[in-house]
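Below: one structure, written as structure tokens.
The values are calculated or read from the model by the stated rules, or taken from the named source; none is laboratory data. Bear in mind the structure is a predicted one, so any value in this text is a computation, not a measurement. When we count neighbours, we look across all protein chains shown, and the Cβ atoms used for this are built from the backbone with ideal geometry, even at glycine.
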Amino acid sequence: MATGRRTDWSRIARPSLAGIEPYDPGETRDEAKDRLGLTDLVPLNWNEDLFGPPQHVLDAAAAEIARAPLYPERAYADFRAAVAEWIGVPAASVVPAHGAQALIGAVTQVFVDPGTHVVIPQPTYGLYAQVAAAGGGVVHRVPTNGLALDLEAIAAAAEEHSARLVWLCDPNNPTGLLIDRAEWAAFVDRLPDGCAAIVDEAYIDFSDPDVRVRREQDVLDGRPVICIRSFSKVFGLAGLRLGYAVCDPEVASLLNVIQEPFNVNRIALAAGRAAVETPGLADRRRADVAAARAVLAAELEAAGLEVVPSQANFLLVRIGVDDGPVCDRLLRRGLLVRGGESVGLPGYVRLTVAPVPVMREAARELLAALRAT
Ligand SMILES: Cc1ncc(COP(=O)(O)O)c(C=O)c1O
């Protein structure tokens with residue numbers, strides 16, 4: 001029989017974790033289906049790729065299972081080289097990881113000590129602030145200007161607080177808005193010495209190549225910039241957990257001090273490599289998403305709704321009423337969408353872009369839900 005007191009883990013864990021709640025993904029999709037008696041539920045809430053990866057990418061993943069007993073030594077190097085070639089940087093500037101999320105954590109561990117100042121816009125993806133706070137960082141939030149990131153105010157906050165890190169997301173989640181090239185160049189010039197910009201480009205491959213910022217070049221030029229990218233979005237591999245950083249080789253070494261050796265499984269590496277080695281795959285997906293996004297936007301705008309011009313695989317829509325009941329009604333109709341309240345924008349909804357027939361259904365159902373509330 002056990003004796004003695006139960007362990008009080010909160011006294012042993014790092015004090016900076018006190019009061020920080022873990023991410024709660026909420027009710028699972030299967031639970032929601034069972035609860036509401038639905039046969040089908042369309043997931044438009046997490047910005048996954050609803051067009052699906054090509055069969056040969058899935059075949060490459062399946063073939064790799066036979067090599068499961070072996071550590072992914074060669075697969076890791078091959079994937080790194082394939083990504084480097086695809087984006088036009090040396091392999092030493094590519095750091096693979098199990099998802100952009102892993103890199104958000106690793107970057108924070110490299111740069112944030114207890115008391116380090118970190119500047120983060122509001123609203124944006126929630127994980128940057130969560131991991132910075134968990135690392136003991138002091139987080140300064142900078143509100144957007146309207147819905148756009150206020151780069152001047154962000155640089156000013158970095159200066160004011162002697163911040164070591166600034167987090168940006170481009171295109172930003174939840175708005176889908178892209179950072180302008182000239183504004184970006186001015187921002188990097190203005191960043192104080194000793195401060196780095198970490199840019200989460202999880203959705204960058206959906207944006208127009210003629211207007212998006214080429215941060216690979218900033219990295220090659222030795223600017224204080226680190227990019228984080230994901231295979232969950234344009235390549236449709238969210239379930240395999242794969243991403244990479246583009247950074248100076250010195251930062252790559254630091255990240256590799258923090259990240260585990262062989263941190264990505266060989267199935268994800270094989271699928272990722274097959275995806276980047278497929279000529280034009282990202283371009284085709286960008287075109288598919290842009291076409292379907294335009295259909296959704298046009299149908300909602302025709303009904304008088306305000307749609308934010310997105311360069312990502314989701315669309316933010318101003319509905320001007322409490323988004324909770326609207327999302328509940330859509331869920332009962334088999335469409336899972338993200339309410340604005342949960343991403344810091346009450347009165348909005350965010351919908352993942354899916355093939356055109358789904359977009360037409362989503363527009364119809366959203367308009368019906370708005371008429372009914
Ligand atoms: C801005 C942003 N960054 C990162 C992620 C997660 O990326 P990954 O699946 O590669 O961890 C998401 C997922 O929705 C996201 O919206």
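Miscellaneous remarks
- Answer residue from segment 118-136, given it is free of Cβ contacts under 8 Å to residues at least 60 places away in the same chain and out of contact with any Gly (no Cβ under 7 Å at 6 or more places or on another chain) and is surrounded by the most Cβ atoms within 10 Å (Cβ to Cβ) among those: VAL119
- Number of positions in segment 137-180 that are within 16 Å of the ligand (Cβ to nearest atom) and crowded, with 18+ Cβ neighbours inside 10 Å: 17
- Flag for GLN130 being of a type in the set (S, T, N, Q), away from the ligand (no atom under 16 Å from the Cβ) and either assigned to a helix (DSSP H, G or I) or modelled with pLDDT of 95 or more (or both): no
- Selected residue (only one of LEU255, LEU296 is in contact with a strand residue (DSSP E or B) (Cβ under 6 Å, 6 or more places away or on another chain), assigned by TED's automatic domain parsing to the domain that holds ALA363 and touching a residue at least 60 places away in the same chain (Cβ under 8 Å)): LEU296
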